[in-house]
Amino acid sequence: IAGYHFVDWTGDASGSDEPLSVTMDSDKAITANFAINEYAVVFDAGADGRIFGNAAQVVTHGSDCSEVYPVPNKGHFFTGWSGDFDGEDLPLTITNVTRDMTIVANFAPHKYIVSFSTDGNGSISGEALQLVEHGSDASQVEALANPGFRFLRWSDGDTSNPRTLGGVAGNTDLTAEFEADEFTVTFLAGPVGGLAGDTEQVVANGGSAESVEAVANAGHYFTGWTGDHVGTANPLILENV
């Protein structure tokens, strides 16, 4: 009968010979013994997940497996079964088993969006919008400052530039932050006068220096500024440094 196998002979014969030869020297009663087939059903998962339930089962012919669940590792998701069963059943129960089977649970990594932008005072060199698999690295980008500015940091506090974001584990938005260049403005007076105000100032790019006034000694008068600024305004407010 399908699903059974011969085991042995009992009664007036013994053993498992097939066919059986009997010497007829008397009446004989001989019984052929059979047993139901048993099958190995193995559920396998690769490195990205595991099987919850009995992953190695022995099932008699025509019976059902106990149910199993695919459990993905962090950052992964279940994509389906393959091998001796194709599908996405959750949980999975193989019914009416009639042969040995190996069934594989397949998983894939999640993918995340990684975006690089700026605060408006620079640009991004490289792929500013990326789709990255869980645990992988984003491709390298570099923050380029506009004239008069310099790179300060990324919005997560990292100061590396160029930047390679490693081990991505979720959607990520990073903004490159810049600050204005700073310049030193020094005011000097000739031997017959002095200056009123801060004579050495640090001024951000495009900013204005604080007012400085040229004060002539007794018997002298102010004639003008020279050097990096030529003019006669007094007090002087040096603009757009």
Within segment 100-123, residues being under 13 Å from the mean Cα position of the chain (by Cα) and either surrounded by 18 or more Cβ atoms within 10 Å (Cβ to Cβ) or touching a residue at least 60 places away in the same chain (Cβ under 8 Å) (or both) number 4
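Tell me the residue from 77, 43 that is hydrophobic (A, V, I, L, M, F, W, C), within 19 Å of residue 103 (Cα to Cα) and open to solvent by less than 70 Å² (accessible area, probe 1.4 Å), please.
Working: 77 fails: open to solvent by less than 70 Å² (accessible area, probe 1.4 Å).
On inspection, the qualifying residue turns out to be 43.
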Can you tell me which of 195, 131, 152 is under 30 Å from residue 216 (Cβ atoms), free of Cβ contacts under 8 Å to residues at least 40 places away in the same chain and out of contact with any Ser or Thr (no Cβ under 7 Å at 6 or more places or on another chain)? 195
Considering only segment 60-118, state which residues are assigned to a strand (DSSP E or B), more than 23 Å from residue 49 (Cα to Cα) and of a type in the set (S, T, N, Q). 60, 115, 117, 118
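Residue under question is residue 142, and the condition is that it be closer than 23 Å to residue 175 by Cβ and assigned to a loop (DSSP other than H, G, I, E, B); does it hold? Lay out the reasoning, then the answer.
Details: closer than 23 Å to residue 175 by Cβ: yes; assigned to a loop (DSSP other than H, G, I, E, B): no.
In short, no.
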Residue list for segment 152-205, filter: open to solvent by less than 30 Å² (accessible area, probe 1.4 Å), within 30 Å of residue 234 (Cα to Cα) and either in a loop (DSSP other than H, G, I, E, B) or of a type in the set (Val, Ile, Thr) (or both): 185, 187, 203
For segment 46-61, which residues satisfy the criterion of being more than 37 Å from the chain's Cα centre (by Cα) and either under 30 Å from residue 76 (Cβ atoms) or surrounded by fewer than 14 Cβ atoms within 10 Å (Cβ to Cβ) (or both)? 58, 59, 60
Restricting to segment 216-229, name every residue that is loosely packed, with under 14 Cβ neighbours inside 10 Å, touching a strand residue (DSSP E or B) at 6+ places or on another chain (Cβ under 7 Å) and either of a type in the set (S, T, N, Q) or assigned to a strand (DSSP E or B) (or both). 217
Quick one: in segment 23-40, of everything that is outside any strand (DSSP E or B) and touching a strand residue (DSSP E or B) at 6+ places or on another chain (Cβ under 7 Å), which residue is surrounded by the fewest Cβ atoms within 10 Å (Cβ to Cβ)? 29
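The values are calculated or read from the model by the stated rules, or taken from the named source; none is laboratory data. Computed from a prediction, not measured in an experiment: that's the story for all the values here. Glycine also receives a Cβ, built like all others from the backbone with ideal geometry; neighbour counts cover every protein chain displayed. Accessible surface is based on the protein model in full, side chains and every heavy atom, while ligands, DNA and RNA are left aside. Shrake-Rupley method; radii C 1.70, N 1.55, O 1.52, S 1.80 Å.
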